[in-house]
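Remarks on the structure that follows.
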Amino acid sequence: MVYVMLQQEWTDGNGVTHLAGDSVDVDAATLADLQAQGIVSEQVDGGGGGGGKDGGEWAGPGGAEWVGPGSVKP
């Protein structure tokens, strides 16, 4: 399983709708389907976190712009 950030709204196999910008945990097959549909973008930085469609940085947990729990930013 891998966490990905959605670029577009997506409804999973259980009927749960996730909004663009949400992080979801998906298996490899689902990830491939989402990438093929353009719902998530491929990682452009070669490491964890991934980049956005426009080459932006991942803003989720562990990303340079994360300001949630565990953040070291003031």
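No value in this document is a laboratory result; all are computed from the given coordinates. What you are looking at is a predicted structure, and each value in this text was computed from that prediction instead of being measured. Note: ideal-geometry Cβ built from the backbone for every residue, glycine included; neighbour counts use all protein chains shown.
One table, with the values for the structure above:
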| item | result |
| --- | --- |
| Extension gain, T17 back to M1 (0.36 nm per residue minus Cα-Cα distance, nm) | 3.9 nm |
| Relative packing of peptides 27-39, 7-19 - highest average C-beta neighbours within 10 Å first | 27-39, 7-19 |
| Separation in nanometres of the label points that stand 7 Å from Cα toward Cβ, at E9 and D25 | 2.5 nm |
